[in-house]
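Notes to accompany the following structure.
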Amino acid sequence: MARGENKKLSEREWKSKQDSLHRENQKKIKEIFNKYGYVGYDLAGERGSQSFWLVVQHADNDLEFQQKVLDEMKVEVEKGNADANSYGLLVDRVRLNSGKKQLYGTQVDYNWKICQAYPKELKDSSSVNERREKIGLKPLEEYLNEMSELHYKMNEQGFKQIGLKGPTLYLTK
């Protein structure tokens, strides 16, 4: 959620507004899920399905709901009725939220000193790119570079103030 007109709000007010909107969206999404199940392409088109998924992805305060949706989403991905990349993101989010290591490395933190993304706790990093490829994700290094570049753009002014002219990128094949 972009701050835009909300830049006048304090960090605390901004966080409170975000939390309120997330709770409101989650309530609506739960009602939809309870009535229709996973909202795939056949029900809402690609954009509608992605919007549904995005709210679930950020429902970190309700792990049980995220897991229910993930279970149904897997079936829809296998039928070609949901996005496999988004599935990988939700798998990792749910695993981390339940205290497990992620499989695909989609959830990241940042080294602010050099503007470089790195995966949060990752299971068996030596075979991560094999797992990523199986669900249609690009190699981890490419993904981390994209995340680092995005992070730099979003925080460019601050990075320039500390002398960084760009993110630190991983070597790719």
Report Rg(Cα)/(2.2 N^0.38 Å) for the stretch 30-114, keeping two decimals.
1.12
A correct Karplus calculation of ³J(HN,Hα) over the stretch 113-119, with 6.51 cos²θ - 1.76 cosθ + 1.60, θ = phi - 60°, whole Hz and x for Gly and Pro, returns 5, 10, 6, 9, 6, 9, x
Could you tell me what percent of the accessible area of the chain is made up of carbon and sulfur, with a 1.4 Å probe and every protein chain present?
49
Accessible area per residue of the chain at 1.4 Å probe, in Å²?
64
Can you tell me the convex hull volume per residue for the chain, based on C-alpha atoms, in Å³ to the nearest whole number?
140
So what is Rg over Rh here for the stretch 95-137, counting just Cα atoms and using Kirkwood for Rh?
1.02
Taking only Cα atoms and a 10 Å spring cutoff, compute GNM fluctuations for the chain and point out the largest among Asn129, Asn81, Asn111.
Asn111
Too-long pairs where the Cα-Cα distance tops 21 Å, listed order kept, from Lys7/Lys113; Lys113/Lys153; Lys74/Lys138; Lys113/Lys138; Lys7/Lys153
Lys7/Lys113; Lys113/Lys138
In cubic angstrom per residue, the convex hull of the stretch 1-80 built on its Cα atoms measures 93
Among Lys30/Lys68; Lys28/Lys68; Lys123/Lys173, which pairs are too far apart, with a Cα-Cα distance over 18 Å?
Lys123/Lys173
Positive-pole candidate from Cys115, Leu90, Asn34, dipole of the chain, charges at beta carbon
Cys115
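The values are calculated or read from the model by the stated rules, or taken from the named source; none is laboratory data. Worth saying up front: this structure is predicted, and the values here are computed from it rather than measured. Counting neighbours? That spans all protein chains shown, and the Cβs are built from the backbone with ideal geometry, glycine included. Protein only, heavy atoms only, side chains kept; ligands, DNA and RNA dropped before computing areas. Shrake-Rupley method; radii C 1.70, N 1.55, O 1.52, S 1.80 Å.
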